[in-house]
Amino acid sequence: MKKQLNMIKTLVLAVLVGFLFMCISVAGDAQQQPGPAPASAPPLTIGPGDLLDELVFGEQELSGHFRVDEKGYISLPLIGNVQVQGLTAEEAGKLIEKLYVDAQILKPEHAQVAVFIQEYANQGITVGGQVKTPGVYPALGVRMLNDVLTAAGGTTPIAASKVIITRKSDPQNPISFEYNPEALSPVIPVIQIFPGDSIMVPRAGIVYVVGDVTRSGGFVLDGRNTLTAEAVMGLAGGAGRGADSRHVRLVRALPDGSKEMVVIPMDRVFKGESPDVALKDGDILYVPTSTAKLATEQIITSAIGIGSSVAIYKTSLQ
């Protein structure tokens with residue numbers, strides 16, 4: 001009887017151990033299940049002016065570099081002109097392989113043709129907006145967003161902290177990404193740019209602070225946070241010793257092209273006794289001195305009408 005009990009215990013233990021290993025295996029398989037694959041860009045197609053590398057395995061005399069003509073054809077040894085415009089590199093390789101087999105130049109069991117697009121002639125990457133050197137840049141090899149913008153000289157001081165990418169394959173649906181390599185915590189998205197894509201760096205909103213402040217100039221709106229009169233005064237280093245903080249002037253352009261001028265009692269705003277004012281793109285904040293007469297709108301406008309010599313400061317420090 002004792003021997004039988006021991007056998008039963010051993011059998012039960014074996015079943016339990018086997019069950020345990022089965023559970024661990026199932027859990028491991030569940031953890032290793034791949035997630036959804038990221039959406040890939042559609043394959044690029046061949047266009048006029050592109051330079052193709054054709055490789056016919058084992059037939060060096062049939063291989064070479066071929067430029068696509070204005071009608072979309074390449075001229076290949078022994079078979080002449082082949083229409084490749086609109087095809088992907090893989091499709092072109094299969095077509096050429098079939099043509100060589102049909103012409104009995106290659107045997108079906110040995111026919112292997114590969115096509116690579118070495119140079120895109122008319123599908124460069126267009127970079128515009130607030131970059132130092134706008135233009136069309138070659139799309140050779142794998143090009144990433146930051147690489148292309150660096151090639152364009154980087155963004156200007158008045159660039160917004162985002163970029164807009166328009167894919168050649170989907171021109172009606174441009175996509176926007178945060179891009180701010182100069183922030184304390186740089187935002188540089190890892191995004192591949194393909195031939196025919198365009199990158200637009202929009203202009204950021206700018207407010208100007210002039211007059212009796214420590215650091216006058218233009219301050220860039222980062223597009224994420226509201227910039228108020230009190231905040232921009234802080235960015236400007238505060239008012240000067242002789243500033244008249246009771247009569248700070250805000251000049252704002254109206255939709256009809258005219259301008260309005262509003263007096264802001266910044267001394268009361270600093271104390272929390274008067275409401276702060278949210279600033280908009282193009283606003284001018286003028287801080288007069290206590291001994292000078294308040295400036296007119298024309299004087300304020302001319303004060304910042306010095307173009308590129310106005311210092312521009314980034315306000316996004318994330």
field: Extreme residue, nearest to residue 56 (Cα to Cα), among residues of the stretch 95-118 that are buried (at least 16 other Cβ atoms within 10 Å of the Cβ) and under 35 Å from the mean Cα position of the chain (by Cα)
entry: 114
task: List every residue pair whose Cβ atoms lie under 6 Å apart, where the two residues are 6 or more positions apart in sequence or sit on different chains, the first residue falls within the stretch 265-280 and is in the same structural domain as residue 233 (by TED's automatic domain parsing) and within 18 Å of residue 252 (Cβ to Cβ), and the second residue, located anywhere, is of a type in the set (Asp, Glu) and in a loop (DSSP other than H, G, I, E, B).
output: 269/276
- prompt: Can you name every residue in the stretch 244-254 that is buried (at least 16 other Cβ atoms within 10 Å of the Cβ) and either part of a loop (DSSP other than H, G, I, E, B) or under 31 Å from the mean Cα position of the chain (by Cα) (or both)?
  reply: 244
- request: Could you tell me whether residue 187 is in contact (Cβ under 8 Å) with a residue 40 or more places away in the chain and surrounded by 21 or more Cβ atoms within 10 Å (Cβ to Cβ)?
  value: no
message: Can you confirm whether residue 74 is part of a strand (DSSP E or B) and either among the β-branched types (Val, Ile, Thr) or modelled with pLDDT of 95 or more (or both)?
response: yes
- prompt: Can you tell me which residues in the stretch 216-243 are modelled with pLDDT of 90 or more, touching a Leu at 6+ places or on another chain (Cβ under 8 Å) and either in a strand (DSSP E or B) or of a type outside the set (A, V, I, L, M) (or both)?
  reply: 228
- prompt: So which residues in the stretch 255-287 are under 34 Å from the mean Cα position of the chain (by Cα), more than 12 Å from residue 230 (Cβ to Cβ) and part of a strand (DSSP E or B)?
  reply: 284
- request: Identify, by number, the condition in (1) loosely packed, with under 13 Cβ neighbours inside 10 Å; (2) outside any strand (DSSP E or B) that residue 176 doesn't meet.
  value: (2)
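The values are calculated or read from the model by the stated rules, or taken from the named source; none is laboratory data. Given the structure is predicted, the values throughout are model-derived calculations rather than measurements. No Cβ is skipped: glycine too gets one built from the backbone with ideal geometry, and neighbour counts run over all protein chains shown.
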